[in-house]
Structures are given as C-alpha cells and as structure tokens.
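Input: a single structure, listed below in structure tokens.
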Amino acid sequence: MALLKVQFLDVIGNLAEETGQSGGGRQGASSVTDINVDRLSMLFLHAVMLQAISAGFIAGYLREARILAGIKFVVVLATVSLVVWIPL
C-alpha cells in the first residue's frame with residue numbers, strides 16, 4: 001500500500017496540479033483534478049491499519065490459541081505501519 005501511495009497517488013496528485021494550472025480538461029466530465037489525493041491517502045492508511053489489527057489478532061490466535069494474545073502483534077504491526085506511512 002505504501003508503494004501504491006508513492007507510485008500512484010503522488011503521481012496522480014502531481015498530474016492534477018499540472019492539469020489545474022494549465023486550465024486543461026474537459027467540461028462536465030470527470031477528470032484527474034476531481035480526485036482528492038489526501039482523502040485517498042487517508043483511506044489507504046485506514047486500510048493498512050485494519051489489516052495490521054486483523055493480522056495481529058489472527059497471528060496471536062494461531063500462536064497461542066487465544067485472541068487476546070494477538071495484542072502484542074497488533075501493537076507492533078500498527079506501529080510499523082504508522083512509522084512507514086508518516087514520512088510518505
């Protein structure tokens with residue numbers, strides 16, 4: 001997801017800025033300038049955090065056969081996700 005954000009969202013954001021500055025684009029049609037890059041980035045972050053939480057609980061259950069054993073995995077995975085996402 002981080003690669004998708006860097007390689008896709010940032011490129012789309014730059015393209016939207018260039019298109020908005022040049023005044024190009026079609027009237028009445030959906031265009032690149034209609035994409036809210038910040039909102040999509042936040043959506044990706046939430047998807048990553050949900051995946052970290054669910055994977056952590058599953059890992060804890062598989063390791064010790066208790067759901068609450070996954071809390072340590074959730075904390076580690078969520079922390080790693082935030083540390084990777086914040087500088088992007």
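The values are calculated or read from the model by the stated rules, or taken from the named source; none is laboratory data. Please read all numbers here as calculations on a predicted model, not as lab measurements. Please note: Cβ atoms are built from the backbone with ideal geometry, for glycine as well, and neighbour counts cover all protein chains shown.
Things to note:
- Every residue from segment 68-87 that is within 18 Å of the chain's Cα centre (by Cα) and surrounded by 14 or more Cβ atoms within 10 Å (Cβ to Cβ): Val74, Leu77, Ala78, Ser81, Trp85
- Across segment 15-67, the qualifying residues are those that are modelled with pLDDT under 80 and closer than 23 Å to Met1 by Cα, and the one among them that is surrounded by the fewest Cβ atoms within 10 Å (Cβ to Cβ) is Asp34.
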